[in-house]
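Q: Quick one: the structure is below, and I'll ask about it shortly.
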Amino acid sequence: MFGFTEAQISGFGLTFGVGAFMLYMLFIIGHLAWESKAGKMGAFVLFLGLGLGMVGFAAKFVIQWVISK
């Protein structure tokens, strides 16, 4: 489609699409902390617990970059 291979489209979706989704998830976690009036410690726990999976996903790209160099 439009001169791109399936692998290029998948790579674009995986990096930018999932990255945008992760930023949206951070907004959702922040909104959840605000609406629940969680306070500083509660917001920290929410971001830690719900955002830990995103750290692993981002670490994958850093590890791939380090190995490829």
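The values are calculated or read from the model by the stated rules, or taken from the named source; none is laboratory data. The structure displayed is predicted, hence computed values, not measured ones. Cβ coordinates were reconstructed from backbone atoms using ideal geometry, including for glycine residues, and neighbour counts include every protein chain displayed.
Q: Sort through Ile28, Ile67 and tell me the only one that's of a type outside the set (Asp, Glu), loosely packed, with under 10 Cβ neighbours inside 10 Å and modelled with pLDDT of 90 or more.
A: It is Ile67.
Q: Just the residues that are assigned to a helix (DSSP H, G or I) and either among the charged types (D, E, K, R) or in contact with a Gly (Cβ under 7 Å, 6 or more places away or on another chain) (or both), please, taken from segment 35-53. Give the derivation first.
A: Our first condition is that a residue be assigned to a helix (DSSP H, G or I); within segment 35-53, this holds for 35, 39-53.
Correct list: Glu35, Lys40.
Q: Next question. For residues that are at pLDDT below 85 and polar (S, T, N, Q), tally how many sit in segment 1-23.
A: Residues that pass the stated criteria total 1.
Q: Something else now. Pull out all pairs, ordered by first then second residue, where Cβ-Cβ is under 6 Å, the residues are six or more apart or on different chains, the first lies in segment 7-34 and is assigned to a helix (DSSP H, G or I), and the second is aromatic (Phe, Trp, Tyr).
A: Ile29/Phe47
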